[in-house]
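Trainee: Here it is, the structure in full.
The values are calculated or read from the model by the stated rules, or taken from the named source; none is laboratory data. What you see is a predicted model, and the numbers here were worked out from it, not measured in a lab. Virtual Cβ from ideal backbone geometry, glycine too; neighbours counted across all protein chains shown. Just the protein is used for accessible areas: all its heavy atoms, side chains included, with ligands, DNA and RNA removed. Shrake-Rupley method; radii C 1.70, N 1.55, O 1.52, S 1.80 Å.
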Amino acid sequence: MATTQTPAPAYWADACKHLMKRDRVMKKLIPQFPGATLQSRGDAFTTLARSIVGQQISVKAAQTVWDRFARLPRKMTAGNVLKLKVDDMQAAGLSARKIEYLVDLALHFDSGAIRVDSWEGMEDEDIIAELVGIRGIGRWTAEMFLIFHLMRPNILPLDDVGLITGISRNYFSGEAVSRSDAREVAAAWAPYCSVATWYIWRSLDPLPVAY
């Protein structure tokens with residue numbers, strides 16, 4: 001299924017300048033990935049549905065299940081997902097729990113409980129609070145959504161294994177890193193923690209991930 005791809009966030013160039021000036025690791029890391037930036041794909045409902053489908057399975061398996069599931073509705077909308085038969089969703093490879101989560105997500109969107117149009121004027125933490133009210137969406141998923149879909153510039157996902165691993169390798173010679181260590185490193189990144197996190201991920205895997 002084709003996905004729309006947006007241009008780089010307007011703040012990206014300023015963020016890179018800021019990070020390279022403030023942080024010795026970023027000064028070396030950022031020039032290694034010229035032209036690569038964060039990009040948003042798809043709409044809010046599809047992005048969150050994909051994140052639920054992909055929980056606790058490999059990227060490859062998630063893509064296979066998603067491709068099967070995405071063929072069920074004529075168009076991927078909350079209203080259309082609510083019309084799907086449970087048997088068909090199970091046949092696509094979805095567990096009973098994931099089906100419950102997808103239905104709850106669709107109900108939140110279809111009923112207007114999720115206010116997509118209001119997000120632009122809302123604080124990061126308020127959007128996270130709204131999203132974690134949906135079954136199957138925890139803080140990490142909400143933070144990934146803010147980084148990859150809303151492209152908020154200053155998200156620091158401390159529950160992300162890749163971020164903690166990358167900070168350990170780049171700043172602490174591979175030693176174990178606590179959340180407070182990570183926060184200390186990230187103090188130099190603000191107000192562009194999302195951008196720094198994205199480059200830390202690149203240091204572990206040069207291919208950008210997309211949600």
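Trainee: Name the residue that is farthest from residue 193 (Cα to Cα), counting only residues in region 115-136 that are open to solvent by 10 Å² or more (accessible area, probe 1.4 Å) and either touching a strand residue (DSSP E or B) at 6+ places or on another chain (Cβ under 7 Å) or outside any helix (DSSP H, G or I) (or both).
Mentor: 135
Trainee: Then there's this: Which of the residues that make up region 16-33 are touching a Phe, Trp or Tyr at 6+ places or on another chain (Cβ under 9 Å) and surrounded by 15 or more Cβ atoms within 10 Å (Cβ to Cβ)?
Mentor: Scanning region 16-33 gives 16, 18, 19, 22, 23, 25, 26, 29, 30, 33.
Trainee: Taking into account only those residues within region 63-86 that are over 26 Å from residue 115 (Cβ atoms) and of a type in the set (Val, Ile, Thr), which is farthest from the chain's Cα centre (by Cα)? Outline the logic, then answer.
Mentor: Step one: filter region 63-86 for residues over 26 Å from residue 115 (Cβ atoms), giving 63-65, 67-68, 71-72, 85-86.
Still in the running and of a type in the set (Val, Ile, Thr): 64-65, 86.
On the way: 64: 19, 65: 19, 86: 27 Å.
Ranking the qualifying residues of region 63-86, first place goes to 86.
Trainee: Can you name every residue in region 17-65 that is farther than 29 Å from residue 186 by Cα, among the aliphatic types (A, V, I, L, M) and in a helix (DSSP H, G or I)?
Mentor: If the condition is that a residue be farther than 29 Å from residue 186 by Cα, among the aliphatic types (A, V, I, L, M) and in a helix (DSSP H, G or I), then 49, 53, 61, 62, 65 are the ones that fit.
Trainee: Checking the condition more than 28 Å from residue 193 (Cα to Cα), surrounded by fewer than 16 Cβ atoms within 10 Å (Cβ to Cβ) and among the aliphatic types (A, V, I, L, M), which residue from 86, 103 passes? Reasoning before the result, please.
Mentor: Details: 103 fails: surrounded by fewer than 16 Cβ atoms within 10 Å (Cβ to Cβ).
Step by step, each of 86, 103 is checked, and only 86 is more than 28 Å from residue 193 (Cα to Cα), surrounded by fewer than 16 Cβ atoms within 10 Å (Cβ to Cβ) and among the aliphatic types (A, V, I, L, M).
Trainee: Conditions: (1) open to solvent by less than 20 Å² (accessible area, probe 1.4 Å); (2) modelled with pLDDT under 95. Residue 92 meets all but one. Number of the miss?
Mentor: So the condition that residue 92 fails would be (2).
Trainee: Of all residues in region 95-114, which are among the hydrophobic types (A, V, I, L, M, F, W, C) and either at pLDDT 95 or above or part of a helix (DSSP H, G or I) (or both)?
Mentor: 96, 99, 102, 103, 105, 106, 107, 109
Trainee: Further question: Only one of (1) open to solvent by less than 40 Å² (accessible area, probe 1.4 Å); (2) in a helix (DSSP H, G or I); (3) among the small types (Gly, Ala, Ser) fails for residue 13. Which number is that?
Mentor: The number of the failed condition is (1).
Trainee: Among the residues of region 148-182, write down those that are farther than 15 Å from residue 45 by Cα, open to solvent by less than 10 Å² (accessible area, probe 1.4 Å) and assigned to a helix (DSSP H, G or I).
Mentor: Residues satisfying the conditions are 163, 166, 167, 182.
Trainee: Suppose we filter region 120-140 for residues that are touching a residue at least 40 places away in the same chain (Cβ under 8 Å) and more than 20 Å from residue 70 (Cα to Cα); how many remain?
Mentor: 2
Trainee: If you don't mind, there's one more thing I want to ask. Can you tell me which residues in region 83-119 are free of Cβ contacts under 8 Å to residues at least 24 places away in the same chain and either among the aromatic types (Phe, Trp, Tyr) or at positive phi (or both)?
Mentor: Of everything in region 83-119, just one residue is free of Cβ contacts under 8 Å to residues at least 24 places away in the same chain and either among the aromatic types (Phe, Trp, Tyr) or at positive phi (or both), namely 112.
Trainee: Has region 116-123 got at least one residue that is of a type outside the set (Ser, Thr, Tyr) and touching a Cys at 6+ places or on another chain (Cβ under 7 Å)? So that I can check it myself, show each step before the final result.
Mentor: Taking region 116-123 as the starting set, the residues that turn out to be of a type outside the set (Ser, Thr, Tyr) are 116-117, 119-123.
Checking which are touching a Cys at 6+ places or on another chain (Cβ under 7 Å) leaves us with none.
No: zero hits.
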